[in-house]
Amino acid sequence: MNILVCISHVPDTTSKINFSDDSTSFNTDGIQFIINPYDEFGLTKAIKLKNKHGGKVTVIHYGPVSSEPTLRKALAIGADEAIRIDGQPEDSFSVAKALSKVIEEHRFDLIIAGRESIDYNGGAVPAMIAELLDLPFVNACTGLDVSGSEVKMEREIEGGKEFVNAILPVIIAGQKGLVEESDLIIPNMRGIMTARTKPLSVVDDGNHLSKCHSVSFEKPPVKQACKMIDAGQEKELVTLLHQEAKVI
Amino acid sequence: MSVVVYAESSNGSFKKGTFEILTFAHETAKKLNLRCVAITLGNTHDDIQHLSNYGVDKVVNVNAHFDICDNKGIANALSQIAQNENATVFVLSNSNTGKTIGPRLSVKLDASFISNVVDIPQQASPFVIKKKSFSGKAFEMAQSNSEKVIVALSPNAYRITENANSDCEFTTSEIEKISQNVTSAGIEKAQGKLSLAEAETVVSAGRGLKGPENWQMIEELADLLNAGTACSKPVSDIGWRPHSEHVGQTGKAIAPNLYIAIGISGAIQHLAGVNSSKVMVAINTDPEAPFFKAADYGIVGDAFEVVPRLIDEIKRFKSSN
């Protein structure tokens with residue numbers, strides 16, 4: 001099975017987010033970048049599927065050369081090869097366009113993306129690819145099993161889950177449940193060494209026009225000091241929630 | 001030209017999020033001086049009568065049934081109506097369905113797609129709108145470069161206002177259905193659970209609870225407050241609670257009116273997912289827990305003593321009010 005995993009390169013979850021002085025861009029000073037957590041679940045799932053059914057796992061990322069360490073990490077975890085679309089994407093649509101072009105050329109059976117990236121949280125790229133390439137799409141996918149060309153999937157829906165079926169090729173937007181946190185693979189020394197020589201190709205981004213862009217950023221307003229209530233005075237808390245905060 | 005809104009329903013009934021987007025669409029239409037049109041899929045006339053209470057000028061009911069997993073078919077139906085109604089702004093809820101349909105629709109209509117929106121557009125031309133970014137750690141002003149824009153509104157971000165429109169027009173539309181490429185093999189409902197995204201109050205607990213057997217008091221407190229239950233990431237990772245309850249940066253982002261965090265220290269990743277809550281209460285044994293810097297009200301104390309007393313006080317409060 002020929003599997004593609006889409007990788008976003010995002011600030012580590014512990015990062016404090018700051019912006020440039022004019023508030024127009026994200027300030028990456030001192031930021032550690034990681035594989036987007038939702039994509040890491042997908043990558044781990046892809047490697048498991050390859051171990052079971054054979055085939056190849058390719059990872060793809062759209063970004064400048066500075067994001068290559070993230071792709072190398074995906075190779076160290078167990079992907080076979082990597083593709084970097086060279087450029088600085090502006091919006092979901094230009095990413096979806098550029099990825100769709102590569103997907104068409106390589107004829108992947110299964111395309112796994114994360115439910116959203118934890119930086120801009122658009123959550124739009126996989127569904128856009130599905131529309132551009134007329135592929136079956138399953139969002140918030142929490143389970144997947146392939147037999148022949150049939151895929152059985154589980155997805156989260158509001159207030160429960162749904163079991164769905166489709167025929168390959170399929171694109172999914174995955175999340176925890178595809179694999180568990182404890183299944184995630186920490187690269188070992190051998191993985192890190194072999195990752196250095198695995199193929200990483202760079203392709204042109206095709207210069208697709210974006211349909212929207214960020215104008216400015218702001219941080220949420222600073223909260224007022226927390227009102228402390230002594231243990232034993234829970235009645236006071238109930239009164240405050242009722243009379244002052246008016247939430248009960 | 002019009003603002004078109006997809007009034008999502010399940011089994012004929014509209015969810016709270018649908019009334020939020022109807023209010024939002026009506027106020028957007030008013031600001032941009034456009035008509036407001038709601039689309040319903042496969043509803044009955046009785047179902048849709050009360051949509052006019054939220055200021056819409058027209059309701060188009062598509063006379064067809066769609067499985068909720070048929071995102072291709074739903075997007076196709078919505079785009080046909082959006083084109084008939086000359087939509088320049090299309091509004092969806094930032095629900096699982098909305099986020100699945102919206103991007104497809106944007107490709108079909110050659111529109112931009114902006115999700116996690118929290119307020120009506122600041123201006124029409126260029127179209128600029130405020131959205132959440134960096135998993136709740138920031139807000140962003142996003143600008144559309146296209147003439148048409150699809151927006152997905154965050155749940156609990158916009159207050160529902162009733163605005164009766166007695167001139168509302170109701171029509172039924174037939175569309176050309178396309179074949180489905182994802183089929184449903186059944187739905188499993190979580191029992192009696194309130195949807196976390198829409199819950200007005202959420203009671204959440206962390207590792208401080210020491211074990212899954214201690215969640216009974218959390219559920220009792222949640223029941224009393226008609227609240228949803230949530231948990232921190234470590235708790236879902238070790239399997240004390242289902243993943244669907246994990247709130248935080250890599251779980252669900254929520255914005256209830258009241259969030260009660262019990263035995264959760266308040267790591268930055270957790271706060272990112274909950275800091276849109278209007279009021280936050282922290283209960284923790286550690287006075288240095290970071291949650292006390294983010295919360296509105298705090299109690300330093302043992303959850304096993306504080307929570308039962310809090311339950312008693314709320315019962316007393318409810319019986320006297």
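No lab work stands behind these numbers, since they all come straight from the coordinates. Everything numeric here is computed off the predicted structure, so don't read it as measured data. We place every Cβ from the backbone using ideal geometry, glycine too, and count neighbours over all the protein chains shown.
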**Message:** Given the options B:Q143, B:S9, B:N214, identify the residue whose Cα lies farthest towards the positive end of the charge dipole of chain B (+1 on Cβ of Lys, Arg; -1 on Cβ of Asp, Glu).
**Reply:** B:Q143
**Fill in**
Unit-weight point scatterers at every alpha-carbon of the stretch A:22-135, Debye formula, q = 0.09, 0.12, 0.16 1/Å: log10 I(q)/I(0) is -0.25, -0.44, -0.79
**Item:** Too-long pairs where the Cα-Cα distance tops 28 Å, listed order kept, from A:K219/B:K210; A:K56/A:K152; B:K148/B:K278
**Value:** A:K219/B:K210; B:K148/B:K278
**Complete:** The Rg/Rh figure for chain A, Cα atoms and Kirkwood Rh, to two decimals is 1.06
**Item:** Loop-resident sites, the stretch A:53-158, for GluC sites (Glu not before Pro), counting at most 13 other Cβ within 10 Å (DSSP)
**Value:** none
**Request:** Counting helices only, and only those DSSP H runs with n ≥ 4, report the 222 nm mean residue ellipticity of the protein assembly as shown as the sum of -39,500 (n - 2.57) divided by its residues, in deg cm²/dmol to the nearest 500.
**Result:** -8000 deg cm²/dmol
**Item:** the stretch B:157-290 - convex hull of the alpha-carbon atoms, volume per residue in Å³
**Value:** 180
**Item:** Within the stretch A:97-159, trypsin sites (Lys or Arg not before Pro) in DSSP loop having at most 10 other beta-carbon neighbours inside 10 Å
**Value:** A:R107
**Message:** Suppose every Lys and Arg Cβ carries +1 and every Asp and Glu Cβ carries -1, with no other charges. What dipole size does the stretch B:91-240 come out with about its Cα centre, to the nearest 20 debye?
**Reply:** 660
**Item:** A:K227 long-range amide H proximity, modeled H, under 5 Å
**Value:** B:Y297, B:G298
**Request:** Over the stretch B:220-281, calculate the relative contact order: mean separation of alpha carbon pairs under 8 Å at least 6 apart, over the residue count, as a percent.
**Result:** 29
**Fill in**
Between the Cα axis of helix B:303-320 and the main Cα principal axis of chain B, the angle (0 to 90°, nearest 10) is 60
**Item:** Percentage relative contact order, chain B, counting C-alpha pairs under 8 Å, at least six apart
**Value:** 14
**Item:** For the protein assembly as shown, the Rg and Dmax computed from alpha carbons only, in angstrom
**Value:** 23.5, 72
**Message:** Among B:214-220, B:130-136, how do they line up by average Cβ neighbours within 10 Å per residue, starting with the highest?
**Reply:** B:130-136, B:214-220
**Request:** Would you please name the trypsin sites (Lys or Arg not before Pro) within the stretch B:181-240 that are DSSP coil residues with at most 14 other C-beta atoms within 10 Å of their C-beta?
**Result:** B:K210
**Message:** Apply the Karplus curve 6.51 cos²θ - 1.76 cosθ + 1.60, θ = phi - 60°, to the phi angles in the stretch B:212-222 and return the couplings in whole Hz, x for Gly and Pro.
**Reply:** x, 5, 8, 7, 4, 5, 5, 5, 5, 4, 5
**Complete:** Relative contact order in percent for chain A (Cα pairs under 8 Å, 6+ apart) equals 24
**Asked** So how do A:T24, A:T58 line up by other beta-carbon neighbours within 10 Å, fewest first?
**Response** A:T24, A:T58
**Request:** Amide H neighbours of B:A138 under 5 Å, at least 5 residues apart or on other chains, H built in the peptide plane: list them.
**Result:** B:S133
**Complete:** Among the Cα-Cα pairs of the stretch A:194-248, the proportion with separation greater than 13 Å, in percent, is 80
**Stokes-Einstein translational diffusion, chain B - Kirkwood Rh over all Cα pairs, 1.306 mPa s, 10 °C, in µm²/s** = 76
**Asked** Which whole-Hz couplings ³J(HN,Hα) result when phi for each residue of the stretch A:223-240 is put into the Karplus expression 6.51 cos²θ - 1.76 cosθ + 1.60, θ = phi - 60°, listed in order with x for Gly and Pro?
**Response** 6, 6, 4, 5, 7, 8, 10, 5, 4, x, 9, 4, 4, 5, 4, 4, 4, 5
**Message:** Check which residues have an amide H placed less than 5 Å from A:N27's amide H, if you skip close sequence neighbours.
**Reply:** A:N18, A:F19, A:S20
**Exercise: per-residue mean of other protein chain Cβ atoms within 10 Å, B:142-149** = 4
